[in-house]
Amino acid sequence: MRWNIVVPFVIYIVANLLVGVYGQRVLARTAKERFVGEYYGAGRDLGAIILAFTLTTSLVSAGTFIGTPALGYSEGFVWLVIVSAQIPAAFLVLGMLGKKFAIIARKLDAYTVPKVLVARFPHPLVGAGSAVLMVVFLASYMSAQFIGGSRIFETMSGVPYHVGLMMMVFTTVIYTAIGGYRAVVLTDTLQGAVMLFGVIALFLAIISHSAGIAPLMDRLVAINPKLITPDFDQHYSWATITTMGWVLLGIALLGLPHGVVRAMTFKNSRAMHGAMVLSTGLMFLFTFIMLFSGTAANTVLGPGVSVPDTVIPRTIVALFPPVIAGVVLAAPFAAIMSTVSSMLLVCVSGLVSDVYVDALGKQLSFSGRATLDRVMTFVLGLIVFVMALVPPPFLQGIVFYAIGGLASCFVVPLVFGLYWPRANTSGAVAAIAAGPATYFVVATFFPKPLGVHDVAWSIAAAAVAMVGVSLVTKRPSHEVIRRFWGKVAD
Amino acid sequence: MANLLKDYQVEEDSRYAWCFTEAKIALFLFVVCGAVSLTVTYAMTAGRQPREYDFVFGLPAYLFWGIVVTDLGFVVATALALRLWYRDMPLDPADPADHAPPEDA
């Protein structure tokens, strides 16, 4: 057991739990009628800095901190080129959904994406249906994040898999359940600070290990010149690079509910503007440094590491003295926990708000509602824990489809719903059916047709369905148009 | 688009009209960032072997110009766009009567 890694990790865990307790205190002081707003949206109180941190850290996860750097280790800078597309994506999410989304969410008193969608496209498939889809995909994705994190933690620290898993899952679930959205965004900010410290330290260490960037490049070329090419020596076509980057990691982020939900919780437009710039800066640092480091790790560990997912943790341990290594290692776990906490809350909101209360029409007292919200957070967290402990055989399959499936489902209804008045419910239902179905079929049977990533095809299919079906069916109701475009007469 | 609103005699909230413009600006900047980044990266490496690459501050030139400079330039462009075109606006519903009752009233 490597205590130099375990101790900083435990301190970090405790810090997150304390933030959870703080969130719980705020909730306890909140009037019952405003519980839902506080639990799911921190009362729409977010300023620029916290908004920037929570949006960025919720989007950036093990994928950016472990998975794609692992690919970069094996295949070089092509992955930096691909993943760099996510740098402007947080700006895109806030900018495209923007204030209209925020205004409408306030109008509808909505804290969930399905609720906004179902107000625009009244149909159970749009409300409860999309919420259920969201939960299935995100639950698998959350399990996969924890599985990955726990495996790596076991490798690095010697702590057995199920113990590491318990520590991570229980911490995340506890602070999310007791403290709600406020705890989530504040821990996201704490985790963002840890991630920021981690990436800067890693970058400086990896460069000084080679005594400079130019010597580092020379070493990479000596190991394998293909590593510094932008396409792994033409192994990846530019169609693939463009769509895996700018569609899958760019445009598709508009369809990820745990990111989108941040766009309805900022306190004013100035907060939104500030966050748009700050989040881009953060995305740049996280993305550039982690993807650069993945490839550069070849100069620290040599090219022969057999499990590339361990490359980043091994590099950190190799570069830093013991206790500092423990602190820097917290960064990938911070990335995981910040994403999972946001996903967890968004799933619970979907189940309780969109399915139980709205679709099934169950009435609840204020305190009953508060209890249900919290209990469901624990229950869902437990389910994720069990799935991570004993991964069901279909888990990897679902994860693979999770992000693409979500994007294929939500991007088109959301963007068209907000900005194209002629988009109607039939079009939306068609899009929600066509998007994920296309994605599933393409990804399973004809991956990357013409080199273009599957998600580009599915989003296009959803768009065609939306436009085509809307135009041949009847226009949306007066009520919907008034609600989403009109101003109320003075 | 205007037809539908006219037919229904819905007067558009002026905020929303501007929001649509802002959304288009955001998408435009994003697409331009992508186009510049990919074009520069491709142009600087097409037909060249890694040993023939130019380097700037130690980094391969395409990384420096196509990613670092382009993305930092994007940050500057967004700050400018926000300053020049984006507007502060109140986010609350225009009319309290238009506000939905709290979820579990």
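Label point of residue A:49 set 7 angstrom out along Cα-Cβ; within region A:5-24, no amide nitrogen lies under 15 Å from it. Residue-normalised convex hull volume from the C-alpha trace of region A:190-310: 146 Å³ per residue. Remark: region A:360-484 projects, on average over all directions, an area of 11.0 nm² (convex hull of Cα atoms).
Listed by chain and number, the aspartates and glutamates placed with their C-alpha closer than 12 angstrom to that of residue A:32 are B:103, B:104; residues fewer than eight positions away on the same chain are left out.
Averaged over residues, the count of other Cβ atoms within 10 Å places the peptides A:276-289, A:361-374 in the sequence A:276-289, A:361-374, highest first. For residue B:46, project a label point 7 Å along Cα to C-beta. Then give me every residue of region A:221-244 with its amide nitrogen under 13 Å of that point. Once the point is set 7 Å along Cα→Cβ of residue B:46, A:238-239 turn out to lie under 13 Å by backbone N, inside region A:221-244. For the pair residue A:362 and residue A:18, a Förster radius of 41 Å applied to the C-beta separation gives a FRET efficiency near 0.75, rounded to the nearest 0.05. Each Lys and Arg contributes +1 and each Asp and Glu -1, all at the Cβ; summed about the Cα centre of chain A, the dipole is approximately 1420 debye.
Any idea how far apart residue A:106 and residue B:92 come out in nm if each label point goes 7 Å out from Cα toward Cβ? Distance between label points: 0.7 nm. Rg/Rh, computed from the Cα trace of chain B with Rh as the Kirkwood radius, has the value 1.25. Averaged over the residues of A:225-235, the number of partner chain Cβ atoms lying within 10 Å of the residue Cβ comes to 4.
A simple spin-label model places the labels of residue B:9 and residue B:84 4.2 nm from each other, with each point 7 Å out along Cα-to-Cβ.
Here residue B:84 sits with roughly 110 square angstrom of accessible surface, probe radius 1.4 Å. For the protein assembly as shown, the calculated P(r), taken from all Cα-Cα distances in 10 Å bins from zero up to the bin holding the longest distance, is 3, 18, 29, 28, 16, 6, 1, 0 percent.
Each 10 Å bin from zero up to the one holding the largest Cα-Cα distance in region A:60-171 carries the following percent of pairs: 12, 25, 30, 24, 9, 0. Inter-chain Cβ neighbour count for B:16-26, averaged per residue, equals 6 (cutoff 10 Å, partner chain atoms only). Amide H contacts for residue A:486 (H built 1.01 Å from N in the peptide plane; partners 5 or more residues away or on another chain; cut-off under 5 Å): B:13.
Projecting the Cα positions of A:254, A:239, A:225 onto the charge dipole of region A:217-270 (unit charges on Cβ atoms of Lys, Arg, Asp and Glu, taken about the Cα centre) puts A:254 furthest along the positive direction. In chain A, the calculated helix contribution to ellipticity at 222 nm averages -24000 deg cm²/dmol per residue, counting -39,500 (n - 2.57) for every DSSP H run with n ≥ 4. Here region A:314-359 is described by how far its Cα atoms reach on the three principal axes: 55, 14, 7 Å, from widest to narrowest.
Exceedance of the 19 Å cut-off in Cα-Cα distance is limited, within the set A:99/A:487; A:99/B:24; A:267/A:487; A:487/B:6; A:448/B:24, to A:267/A:487; A:448/B:24.
Using Cα-only point scatterers and the Debye equation, what is log10 of I(q)/I(0) for region A:239-339 at each q in 0.18, 0.24 Å⁻¹, rounded to two decimals? Taken in order of the listed q values, log10 I(q)/I(0) reads -1.08, -1.33. Model label sites at residue A:378 and residue B:17, defined 7 Å from Cα along the beta-carbon direction, differ in position by 5.3 nm. Annotation: peptides A:93-105, B:31-43, A:338-350, A:186-198, ranked by per-residue average of other Cβ atoms within 10 Å with the highest first, follow the order A:338-350, A:93-105, A:186-198, B:31-43. In the protein assembly as shown, taking the dipole from charged Cβ atoms about the Cα centre, the farthest positive-side position among A:204, A:27, A:277 is held by A:27.
Considering only Cα atoms, the convex hull volume of region A:105-207 works out to 151 Å³ per residue.
Over region A:274-321, the fraction of Cα-Cα pairs per 10 Å bin, rounded to whole percents and listed from the shortest bin up, is 24, 42, 22, 12, 1.
The values are calculated or read from the model by the stated rules, or taken from the named source; none is laboratory data. Since this is a predicted model, take the numbers as computed values, not measurements. All Cβ positions, glycine included, derive from the backbone under ideal geometry; neighbour counts span all protein chains shown. Quick note on the areas: whole protein, heavy atoms, side chains included, nothing else; ligands and nucleic acids left out. Shrake-Rupley method; radii C 1.70, N 1.55, O 1.52, S 1.80 Å.
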